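Only the coordinates and a few stated rules stand behind these numbers; no lab work does. On a predicted model such as this, the values are computed, not experimentally measured, just so you know. Neighbour counts are summed over all protein chains in view; Cβ atoms, including those assigned to glycine, are modelled from backbone coordinates with ideal geometry.
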Amino acid sequence: MKRTKALHLFSALLLAGTMGCNLSRDAASQTGQDVVSRQVTEQHRPQFHFTPPAKWMNDPNGMVYHKGEYHLFYQHHPGGTTWGPMHWGHAVSKDMVNWKHLPIALYPDENGTIFSGSAVVDVNNTSGLGTKENPAMVAIFTYHSEKLEKAGRNDFQTQGMAYSLDNGRTWKKYEQNPVLKNPGIRDFRDPKVSWNEEAGQWVMTLAVLDHIEFYGSNNLKEWTKLSEFGKTAAAHGGVWECPDLFPLSINGKQKWVLLVSLNPGGPNKGSATQYFIGDFDGKNFKSDNPMKTTLWLDYGTDNYAGVTWANVPKSDGRRLFLGWMSNWLYANEVPTATWRSAMTVPRELKLQQMSEGVRLFSTPVKELQKLRTGTASLKAQEVNGTLNLSERYKLNSSLLELDLNLDVSQGQEVIIRFSNTKGEHIDIGYSVTGKELYIDRTKSGKMGFKDTFPGKHTAPLTLENGKLRLHLLVDVASVEVFANDGKTVMTDIFFPTEEFTKVELISTGTTRLQDSKAYSLKSIWNNPA
Ligand code: FRU
């Protein structure tokens, strides 16, 4: 009881750290202003990525759109800057760009701490927890019982439920939790629930050790097992976590996409997310991927546990994704002082037919364009050597979006280098001979906090006629690379001792720069939400 109260006080303080104009609207206290200005200037504090106001954050949870708001809950340890007893932090946004922080939504209880999970709006009131007029927002999450774990039992992860009747502002735990008990498997978690039209019921996609299990329910309260998938499919370098299952259409046909995060075992070590494309008949998932082929959503080291928003209106029709921009290899050690971790930018996922098969493409959502403050159209030219873009186009910001169309058919290697006056830099490169996209952060600044951090991370990328489109989003501590319209994506974080403000294009052999743009971006702190 005592503990809950102390935490409520803490979250009231957090609330003061609201982004956007809400500070003035919601009566900005002196404390609130102080918190915001500290966050704006803190070293390594992302300026247009979602971060918790303070303390630890990992996976995005409960992403659901409701009544004009995108809800983002997240794994949160309000008592420290490293992973600890999990709660669900909470924020809302009208555009997935500017965020308003809300009090902690879910606290641990006698069933355990609150691990990852999802949220839905029960529009038909199948659960009876709301009404048709005011449907309940229902969160389905994993309870992690440290007590049972310490007692040496294997059934310490179960699925629980909580609901809100006031747009996610206050939450009640379901009285008969857990709603899905554990059959004796240590890794049994991260339920992603969605309404399945084909089966006319709710389907829960659950990560179970080294595979996925599907469960069905008419009322969100009682669940029966439908099927299993994936024990021998694709990557198994680590435990499977945080799945998502959703339909996307291609060539007028509906396919199903299954996202599965795994840790470790990523293409560049540590945590990463793979995906499957196939069919789901309401009960079984059948993958089109050849059994041993692994498809990666993002080849960088820093996009993990990402899932998509539920309940996005049909009139919008997009499949919107957000991931945790870190990696379990070093997440607890990154050199930030008052908080830890950021989310990726929100991305739209789409299927595209390629000669090698259907692939999942990611692109930054169009709402991010409102961050653009200045535009430079880059002159079409041939570069052989170094072109200083920041000097030539007066890009004197560390917050940048570059959309470069390059023809590298006459080149060997092209690098986009972001650097500071100390010579620290991050390279985004393409090796024509190696047919490889890469991010090299070996000289990007602070490195000593973990030996697994420095590295050159690569992704295979074959070009057609030497055409390379590099769409980059650079914040003070991250780069997101969307190559060739989002076919190959890489996300990496970095920690320079001073911000990167110089941008160069370095070409070995000839690179043709065509029809390219650079945008200075603004910070989301103190912007109207
Ligand atoms: C993924 C994960 C989930 C789990 C949560 C705990 O990063 O390990 O499987 O629910 O983090 O915080």
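The trypsin sites (Lys or Arg not before Pro) of the stretch 270-313 that meet both conditions, a loop assignment by DSSP and at most 15 other Cβ atoms within 10 Å of the site Cβ, are Lys283, Lys292. Karplus-based coupling profile of the stretch 393-402, in residue order and whole Hz: 10, 6, 8, 9, 10, 8, 10, 9, 10, 10, with θ = phi - 60° in 6.51 cos²θ - 1.76 cosθ + 1.60 and x standing for Gly or Pro. Shown in residue order for the stretch 273-284 are the 3J(HN,Hα) couplings computed by the Karplus curve 6.51 cos²θ - 1.76 cosθ + 1.60 at θ = phi - 60°: 10, 9, 9, 10, 10, x, 10, 10, 9, x, 9, 10 Hz (x for Gly and Pro). Which cross-chain or sequence-distant (5 or more) residues have an amide H under 5 Å from the amide H of Leu106, H modelled 1.01 Å from N in plane? Residues meeting the amide H criterion: Trp88.
Magnitude of the Cβ-charge dipole of the chain, K/R +1 and D/E -1, about the Cα centre, nearest 20 debye? Mind dumping the intermediate values first?
Numbers: 58 positive and 55 negative charges, 124 e Å.
It works out to roughly 600 debye.
Loop only per DSSP, at most 10 neighbouring Cβ atoms within 10 Å: give me the GluC sites (Glu not before Pro) in the stretch 193-266, ordered by residue number. Don't skip to the end; give the middle numbers.
Numbers: sites: Glu197, Glu198, Glu213, Glu222, Glu228, Glu241; in loops: Glu197, Glu198, Glu222.
Qualifying residues, ordered by number: Glu197.
Across the chain, C-alpha contacts under 8 Å between residues 6 or more apart give a mean separation that, scaled by the residue count, equals a relative contact order of 14 percent. Each Cα pair under 8 Å and six or more residues apart adds its separation to the average, and for the stretch 385-521 the resulting relative contact order is 42 percent. Of interest is the spacing of the C-alpha centroids, which for the stretch 153-217 and the stretch 406-424 amounts to 46 Å. Determine the alpha carbon to alpha carbon distance for each of Lys55/Lys173; Lys255/Lys487; Lys487/Lys517; Lys283/Lys487; Lys450/Lys522 and list only those over 28 Å. Cα-Cα > 28 Å for Lys283/Lys487; Lys450/Lys522; rest within.
Can you bin the stretch 144-220 into rounded, prolate or oblate? Criterion: square roots of the alpha carbon gyration tensor eigenvalues sorted a ≥ b ≥ c, rounded for a/c under 1.5, prolate for a/b above b/c, oblate for the rest.
Oblate shape, in that a/c is at least 1.5 and b/c is the bigger or equal ratio.
Look at Phe321, Phe229 and count the other Cβ atoms within 10 Å of each Cβ; fewest to most, that gives Phe229, Phe321. Working note: Karplus 6.51/-1.76/1.60 with θ = phi - 60° gives the stretch 163-175 the couplings 9, 10, 10, 10, 6, x, 6, 9, 10, 10, 7, 5, 5 Hz, where Gly and Pro are set to x.
Sparsely packed loop sites in the stretch 460-529 (the GluC sites (Glu not before Pro) outside DSSP H, G, I, E and B with at most 10 other Cβ atoms within 10 Å) comprise Glu464.
Would you order Thr113, Thr82 from fewest to most other beta-carbon atoms within 10 Å of each residue's own beta-carbon?
Fewest-to-most ranking of Thr113, Thr82: Thr82, Thr113.
Taking a straight line from the alpha carbon of Lys67, these aspartates and glutamates sit under 19 Å away, with near neighbours fewer than eight places off in the same chain left out: Asp95, Asp122, Glu133, Asp166, Asp316, Glu367.
For the stretch 368-521, the normalised intensity computed at q = 0.10, 0.12, 0.15, 0.20 Å⁻¹ comes to -0.31, -0.46, -0.73, -1.34 (log10 of I(q)/I(0), Debye sum over alpha carbons, equal scatterers, no solvent). The residue list Asn396, Met325, Gly184 was ranked by how far each Cα lies along the charge dipole of the chain toward its positive end, using unit charges on Cβ atoms, and Asn396 comes out on top.
When a/c reaches 1.5 or more, the comparison of a/b and b/c decides; with that in mind, is the stretch 5-364 rounded, prolate or oblate per its Cα gyration tensor?
Numbers: a/c = 1.39, a/b = 1.28, b/c = 1.08.
Note, shape of the stretch 5-364 comes out rounded.
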